[in-house]
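The values are calculated or read from the model by the stated rules, or taken from the named source; none is laboratory data. No experiment lies behind these values; they were computed from the predicted model shown. Using ideal geometry, Cβ is built from the backbone for each residue, glycine included, and neighbour counts are taken over all protein chains shown.
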Amino acid sequence: MSIYDLRAQAKLTPEQLAKMAGISPATVLRLERGGIGSLRTYERIAKAFQTSLINILPEFKAPSRPTLEDLELLDNSMSANPSDLPDLPVGNWSPTRLTDWLLCPAKGAWSTGVFDVPPDFQWPINERATVGKAVHQYAENRLDGADVNTALMGVADKNTGMDPELWLPFVEAWDASIHPTIGMPLAIERRLEVTLKGHRITAVIDVVDAHGTIRDLKTTQRLPNPTAIARESVQAPIYVAAWRETTGEMASFALDYLAQHKSGIEYTQMPIPVTETDIDRVTRQLDYAADFAARPERITPNPVNKYGCTSCTFLALCHEKFGTLTTLDAPRQTVAVS
Ligand code: SF4
């Protein structure tokens, strides 16, 4: 049941629920609109409703979604003491999490709860990610056998606060360009786990097509460089390794890009070759990140990453914690960090 459903059932306003959970009304509304919160925020809401944590977590693949095992552990303790939990406070590794740690270990620590994020921290709403989520919902509905109208209604019902014009062009392009190439899928929205050198990783595969290729859908406004993607992808080796661990088969992997231009949506498929060398590379990257996660006192802020700190969600937190980012873009407001 969603947070919205639980709140409606309890006849609570967003403000009342926010007060009971000790979070802001804006956070309640953001989560109800499909935004992703920290695990501690979900814990607080679960406690307010006196329900299990697993009942309120978002249904769709959320990068920070913990495993069932971790949830049971957290649910029993209602606390997230990093030293009590395996690998990361909020569960397994995933491609998204690993990428955060590789870009900047401090970013990885904030986004996975290794560093405590204040309860009133405002997680940003990423509109593009919300659109991508709606398009994934549509594709999943269609691959499950729904006709176009039923699939559209399903997406509209789950995204009542979003202008359909944001996602409609993408779903039309998916139906016209991608759907016919999938055939009878071998797997749809399949959650797999793989262990690479002791690191447990969760992979949520969009679809495995009739030819046995793992396909991952991306909605974007600009196509990435295919060579850089092939060289740097952590997702492709992890997904291929997870599929092999589950089925014994070595699958191929391809990204399905729907890129929005002024002239319309353009479909481009980017096959990503995956070899044992790529899986080894990701395993070593996991070692690197896990070492920081196990000994977070070694983490230093890393503004010299690919994107810099300026647009980083955690800029204010880093500024307070490390006191080192006293550059022009350092925030003026202070944020309490435990
Ligand atoms: S603000 Fe900079 S140093 Fe801090 S997490 Fe973000 S990228 Fe890393």
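Only residues in the range 114-125 that are surrounded by fewer than 18 Cβ atoms within 10 Å (Cβ to Cβ) count as the first member; pair them with residues that are at pLDDT 80 or above and of a type outside the set (Ser, Thr, Tyr), Cβ under 8 angstrom, at least 6 apart or cross-chain, and list the lot.
Sorted first by the residue in the range 114-125, then by its partner, the pairs are Pro118/Leu317; Pro119/Gly22; Pro119/Ile23; Pro119/Arg44; Asp120/Ile23.
Checking Ser111 against (1) touching an Asp or Glu at 6+ places or on another chain (Cβ under 7 Å); (2) surrounded by fewer than 22 Cβ atoms within 10 Å (Cβ to Cβ): exactly one of these is not met. Which one?
All conditions pass for Ser111, except number (2).
Condition first: at positive phi and over 22 Å from the mean Cα position of the chain (by Cα). Now tell me which residues in the range 139-193 satisfy that. Write out each step before concluding.
Just the residues of the range 139-193 that are at positive phi, to begin with: 145, 183, 189.
Passing the criteria: Gly145, Gly183.
For the range 104-134, which positions are within 14 Å of the ligand (Cβ to nearest atom), part of a helix (DSSP H, G or I) and either in contact with a His (Cβ under 7 Å, 6 or more places away or on another chain) or not charged (D, E, K, R) (or both)?
Matches in the range 104-134: Pro105, Ala106, Gly108, Ala109, Trp110, Ser111, Thr112.
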